[in-house]
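The values are calculated or read from the model by the stated rules, or taken from the named source; none is laboratory data. Owing to the predicted nature of the structure, the values given are computational and were not obtained by experimental measurement. So basically every Cβ, Gly included, is an ideal-geometry build from the backbone, and we count neighbours across all protein chains shown.
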Amino acid sequence: MRLKLPITCFILEIILIILFGVLVEYDEDTDAKKFNKHFNTSMEHSDAENDFYYRYPSFQDVHVMIFIGFGFLMTFLQRYGFSSVGFNFLIAAFSLQWATLMQGFFHGMHGGKIHIGVESMINADFCTGSVLISFGAVLGKTSPVQLMIMAMFEVTLFSVNEFILLSILGTRDAGGSMTIHTFGAYFGLMVTRILYRPNLHKSKHRNGSVYHSDLFAMIGTIYLWMFWPSFNSAVTEHGDAQHRTAMNTYYSLAACTLSSYAMSSLTAHDGKLDMVHIQNAALAGGVAVGTAGEMMLTPFGSMIVGFLAGIISVLGFKYLSPILEEKLKIQDTCGVHNLHGMPGILGAIVGAVTASLATKEVYGNGLGRVFPDVADGREASYQGGIQAVSLAVTLGIALIGGLIVGFILKLPVFGAPHDTTCYEDSLYWEVSMMILMLMMVFKGEEKTAFTGFATENPLEVSLELDVLQACD
Amino acid sequence: MRLKLPITCFILEIILIILFGVLVEYDEDTDAKKFNKHFNTSMEHSDAENDFYYRYPSFQDVHVMIFIGFGFLMTFLQRYGFSSVGFNFLIAAFSLQWATLMQGFFHGMHGGKIHIGVESMINADFCTGSVLISFGAVLGKTSPVQLMIMAMFEVTLFSVNEFILLSILGTRDAGGSMTIHTFGAYFGLMVTRILYRPNLHKSKHRNGSVYHSDLFAMIGTIYLWMFWPSFNSAVTEHGDAQHRTAMNTYYSLAACTLSSYAMSSLTAHDGKLDMVHIQNAALAGGVAVGTAGEMMLTPFGSMIVGFLAGIISVLGFKYLSPILEEKLKIQDTCGVHNLHGMPGILGAIVGAVTASLATKEVYGNGLGRVFPDVADGREASYQGGIQAVSLAVTLGIALIGGLIVGFILKLPVFGAPHDTTCYEDSLYWEVSMMILMLMMVFKGEEKTAFTGFATENPLEVSLELDVLQACD
Amino acid sequence: MRLKLPITCFILEIILIILFGVLVEYDEDTDAKKFNKHFNTSMEHSDAENDFYYRYPSFQDVHVMIFIGFGFLMTFLQRYGFSSVGFNFLIAAFSLQWATLMQGFFHGMHGGKIHIGVESMINADFCTGSVLISFGAVLGKTSPVQLMIMAMFEVTLFSVNEFILLSILGTRDAGGSMTIHTFGAYFGLMVTRILYRPNLHKSKHRNGSVYHSDLFAMIGTIYLWMFWPSFNSAVTEHGDAQHRTAMNTYYSLAACTLSSYAMSSLTAHDGKLDMVHIQNAALAGGVAVGTAGEMMLTPFGSMIVGFLAGIISVLGFKYLSPILEEKLKIQDTCGVHNLHGMPGILGAIVGAVTASLATKEVYGNGLGRVFPDVADGREASYQGGIQAVSLAVTLGIALIGGLIVGFILKLPVFGAPHDTTCYEDSLYWEVSMMILMLMMVFKGEEKTAFTGFATENPLEVSLELDVLQACD
């Protein structure tokens, strides 16, 4: 780590800077000359029409989801909080730069240059979100260098998939049920499958939460929940489309929260709520209206979708995740399959159905702003078919991409942690003032570990034993 | 709890979905057809005039106050953090849906349909805020099922009161000093009075904070404080009214903070600041300009109001709350009487006085945008009288409503916790990996408890004793 | 403290209220009469042109940086969390009121009155930010009364410096590399130099973080990082300038994050990342584009600046801070020299160079909106010279001001803590329910302390010894 991480960061950043120098330009709304072309003369547009005012508040909400939302959601692990927030921060800062280039490259160059502004910033954050979903699947089991390499490849593949869907097929997916959530989840699941650790049980005692780590995680959850309406509406058309998308998402999430609580309690043997479900399943409603949110889904439709998403997600955590781990050897730390995978697929299906039902009668003159191809003559049912095909394409690229990238990450040069030191901050971080909290960890009736926040210090280990004797 | 909570959530959500299906429609600004009616033709309005751009940033600030602000403010309790954030989340998600229907029903149907958009979303969040204030009064002493039932009734009564004030009487109350704060506080105080627990002292050792729980609570406080300007201005008229309201609130809160710190230190025997005062009293300035904030109160007037609100609030915590508990048997966990009750009444009075002084000379053409009835011929002094009457109406409905709902909640079917298990997360939540933190709790000179985060496990209890021996 | 803090707060607030009553008026956009002058007649302007909609979202982001960002960034200390957030809250609430008056006084009165609106609110928050930077330098070593006195003087001097730069010299400094960061840092460093404590090592065991306090600090870091684009763009011209500034800052911060991680790992003996670097250095990129961010710096240029800022900042923490402390007797608790001082100077230099290269060819009609003086005939190279002179002026006023204020704060009437009780909350706060967490603190191989969260209780101290025996 002494040299690998610095070298990786420096090389990647220097490459980024050079490519930005060669390829990137201000767009019409960020360039002083272009935007003020008509200033003082015909006043063709006013300052208020700068895209900044339509999208910057949404951008900042998305930004909070990426850095606080994802970052703190993953702090639920008892001694991986520094890495959860810190590596989230690092790979997000890298990914958003790399995504600017990749998405700019694919979404159309302007005379050999990539033009950027607030919309490209949102899209870069979106792509970053997909990487962070995959991070959730491998959380605690990868070195920061592995994460940087994964981010580099995943951003690239994300941009390819997004290009195929949005530019070639004409798919609608404003909130990214497919491009962001399904892609990120299945890519990450495949990577974690390839990186399967048969002896991960040796770190099992750290793969869980403590009281305050769960409260930190709730900060992440609540921010994701609150700002998801901004996420889904951030790059839709101006006006009614942004407005409607935000509102549909708001109601979907509310319904999802109630069904998540209900299912969490119902599936527990004693009716108690499980923090894991609340932290994750209550968000599935945002994922599941990612595609259809901009459409005339109605709050009624949104609530049904959110309601189902919450149920599916809790069932996934309760019954499917253990099977995935035991049978398919998929060790999915954060359960991204339940929060992003299945709800993403649900969202894609809902989007396909809703698109296939689009009519001029319902959308009026707004039809062309939601479905430009349908307004130009494409059949609505064909648009629905395209949406369904897009899901298959996304799954294919995600799984094949994850397969390849997983094998790359297996190369023994990236400093992966041992099976005994997963979910452990002190591998990567100076925990400069170590604290031995004398604590006993119980799970049910069985005492599984006597633990402190630091284990490397020999003094400490002997002390643990001493105290154990003092206590027994 | 095994079945009661799931059944409650499922039934309520299914009813909500059905009612949304029957009653709710997109409004002019969220419907693709209606909003784009003139698209490509006369361009009667532009995208920028969609109400989304006037109100959505304020909405998101309000949303943060509801879910992060209220949620984390209540995490100050040492082992009720999951329930504080988690039940806040649940009842808010329910209330905002139910409020959409109730407020839509009362505020005028459009051809039998409820039209919704960003303004109705803000109003739904406002109504939810009122429920969360009442939650603060009963915090730690009610089951989630009780809370859902309380929310259901309170949202209904809130909407009735709001309808009487805003639609029948023509009261002005943009920031809800009366409709939200006074109503929520006195409703909750009456409920907690009816639910009086003579043996609550059995859970007293958990009715207090620990170091980090107070820091989590400060997250709630600071977010409420920062975004209160958005709260008070969220549904005022566009333009100067939103701008002025936000600014008046900003200065009221700043003045309130200084007087809260001063009073907290002044009333302590050793001059030390009390976290409870800082977490709550510093916010009273926002409550107290809830009604008059949109008026020409001036920053000067706002600061006087905030200054007084901080003083009143700290005095309430210090001297009135103990009396309420001992004499009137009102066990007000969060001290909502001091943060929302008295400052709400102060706000109502300030609003009445300010309204009665409104003149065309001061407001110019803006008079009709703040006081439509006064611009239409109503005397300003009469408007002031109406404002005062509205306070009385609000107090009446809140107290009678709280009385009835309190008795309903007393029915022995909702799974209320025992007197010995109040303020305890492990009743409702899987604390999946239990931790016994060997800690001693002191209050003054007296050792009141040897405590860990979990007490149900017999192994643990014996261990506590062992260690106590080891330590003595 | 019993009387000093209340008296200070009450007197200052009453003076503020009186001065607001005499001097402050609503501006054109917050006054009901003035804004609606043409309402219903010629409609000279629409509601959407109210400055509120251009700046309020940015204001709220800045507000979050001031109260959550700065407040939580400083909670890294193990038992100074209440004071970090709480004193940050107090002095910020005071400073923003005082800054409104001081900045209004210097930036031009309107007929003897100070006109206020959202832009003045942002500027007041900016000035407050400068005070909070200085607070970081003296953190843990000053009483709240000292902090209030420091804030009073610093706000005044800040306003003088800002007036000289912006109004007299015509300097451009939208994001405050000079006016906010350089000024706040060097003012604070000089104050802490004057307040030098030779026996501060007696409180050394509390001058460090614990696990969860570092996670709280990351909340502050991430919020500062996310919203810095709003900070730098909050008071630039409408339209392209706000848009461009936000974008330049976004890329500068992203690049800075990668270089900070790289340097943190590279300079550690075992390659481990240091939370102090991540919490601070990763933000230096925002400081360093504070001046040039609104100019046509390009994302490419911004990334180079951010990249360098991260490197400089980590090197400062690693090698310069120990020298400053040992040789120059500057005890800089938060390392503000590394986050605000050096990056601020870098930002001033980058701004001077970028300004000197401004041409009509690059800026087009936008030249006058970024450099009004250059558009009016001033040479760009002269503007660059002015920018450089401004840095010198800022450093001069900050250092001389800090010298004088430092000596004032040394007067033995403000209740400064003893050398043995620095970094300790229980001096100023009721820690009402004290908890002795039985914990051992290690630093490397050496056991430095056996500690709990409270030390005043004699019972506790004896208990500590008992347990030490039980454990040894």
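Some points to look at:
- Among the residues making up segment A:123-150, those that are within 11 Å of another protein chain (Cβ to nearest Cβ) and among the hydrophobic types (A, V, I, L, M, F, W, C) are A:124, A:145, A:148.
- Test result for residue B:409, under 30 Å from residue B:172 (Cβ atoms), in contact (Cβ under 8 Å) with a residue 40 or more places away in the chain and not in a loop (DSSP other than H, G, I, E, B): no
- Whichever residue in segment B:40-52 is at the interface with chain A (Cβ under 7 Å from one of its Cβ atoms) and surrounded by 15 or more Cβ atoms within 10 Å (Cβ to Cβ) and, among such residues, is modelled with the highest pLDDT: B:52
- Tabulated pairs, segment B:207-218, first more than 7 Å from chain C (Cβ to nearest Cβ) and farther than 12 Å from residue C:425 by Cβ, second crowded, with 22+ Cβ neighbours inside 10 Å and of a type in the set (Asp, Glu), C-beta under 7 angstrom, 6+ apart or interchain: none
- Evaluation of residue A:188 against the conditions (1) more than 12 Å from the chain's Cα centre (by Cα); (2) touching a residue at least 40 places away in the same chain (Cβ under 8 Å); (3) under 30 Å from residue B:430 (Cα atoms) shows that the sole unmet condition is (1).
- With respect to the conditions (1) buried (at least 24 other Cβ atoms within 10 Å of the Cβ); (2) in contact (Cβ under 8 Å) with a residue 40 or more places away in the chain; (3) more than 30 Å from residue A:426 (Cβ to Cβ), residue A:163 falls short on a single one, namely (1).
- Top-ranked residue in segment C:191-206 [being among the basic types (Lys, Arg) and out of contact with any Phe, Trp or Tyr (no Cβ under 7 Å at 6 or more places or on another chain); ranked as farthest from residue A:424 (Cα to Cα)]: C:193
- Residue among C:260, C:302, C:321 that is of a type in the set (Gly, Ala, Ser), within 30 Å of residue C:191 (Cα to Cα) and touching a residue at least 40 places away in the same chain (Cβ under 8 Å): C:260
- Filtered residue count, segment A:79-96, keeping only those that are β-branched (Val, Ile, Thr) and more than 7 Å from every other protein chain (Cβ to nearest Cβ): 1
- Residue check, residue B:328 touching a residue at least 12 places away in the same chain (Cβ under 8 Å), assigned to a helix (DSSP H, G or I) and surrounded by fewer than 23 Cβ atoms within 10 Å (Cβ to Cβ): no
- Some residue of segment A:288-295 being more than 7 Å from chain B (Cβ to nearest Cβ), crowded, with 24+ Cβ neighbours inside 10 Å, among the charged types (D, E, K, R) and in a helix (DSSP H, G or I): yes
- Residue satisfying condition, being in contact (Cβ under 8 Å) with a residue 40 or more places away in the chain and buried (at least 22 other Cβ atoms within 10 Å of the Cβ), within set B:230, B:203: B:230
Okay, residues lined up against (1) within 14 Å of chain A (Cβ to nearest Cβ); (2) closer than 19 Å to residue C:133 by Cα; (3) among the basic types (Lys, Arg):
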| position | (1), (2), (3) |
| --- | --- |
| C:353 | no, no, no |
| C:370 | yes, no, no |
| C:390 | no, no, no |
| C:396 | no, yes, no |
| C:416 | no, no, no |
| C:423 | yes, yes, no |
| C:429 | no, no, no |
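- Residue match in segment B:381-395 (condition: aromatic (Phe, Trp, Tyr) and more than 17 Å from residue B:141 (Cα to Cα)): yes
- Any hit, segment C:365-374, residues being free of Cβ contacts under 8 Å to residues at least 40 places away in the same chain and surrounded by fewer than 17 Cβ atoms within 10 Å (Cβ to Cβ): no
- Leading residue by the ranking (surrounded by the fewest Cβ atoms within 10 Å (Cβ to Cβ)) among those in segment A:296-308 that are more than 7 Å from chain B (Cβ to nearest Cβ) and farther than 17 Å from residue A:356 by Cα: A:308
So that you can scan it fast, the table gives a plain yes or no per residue for (1) closer than 30 Å to residue B:76 by Cα; (2) modelled with pLDDT of 95 or more:
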position	(1), (2)
A:169	no, yes
A:176	no, yes
A:220	yes, yes
A:239	no, no
A:251	yes, yes
A:255	yes, yes
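- Matching residues in segment A:334-355 - criterion: being assigned to a loop (DSSP other than H, G, I, E, B) and surrounded by 24 or more Cβ atoms within 10 Å (Cβ to Cβ): A:334
- Meets criteria (touching a His at 6+ places or on another chain (Cβ under 7 Å) and of a type in the set (Gly, Ala, Ser)) for residue A:136: no
- Residue match in segment B:103-116 (condition: under 20 Å from the mean Cα position of the chain (by Cα) and either surrounded by fewer than 24 Cβ atoms within 10 Å (Cβ to Cβ) or at the interface with chain A (Cβ under 9 Å from one of its Cβ atoms) (or both)): yes
- Options B:141, B:37; residue that is surrounded by fewer than 24 Cβ atoms within 10 Å (Cβ to Cβ) and over 30 Å from residue B:211 (Cα atoms): B:37
- Scanning segment C:4-24 for residues that are more than 7 Å from chain B (Cβ to nearest Cβ) and surrounded by fewer than 19 Cβ atoms within 10 Å (Cβ to Cβ) turns up C:4, C:7, C:11, C:14, C:15, C:18, C:19, C:22, C:23.
- Selection of segment B:263-287 for residues being within 11 Å of another protein chain (Cβ to nearest Cβ), within 20 Å of the chain's Cα centre (by Cα) and not aliphatic (A, V, I, L, M) yields B:277, B:279, B:285.
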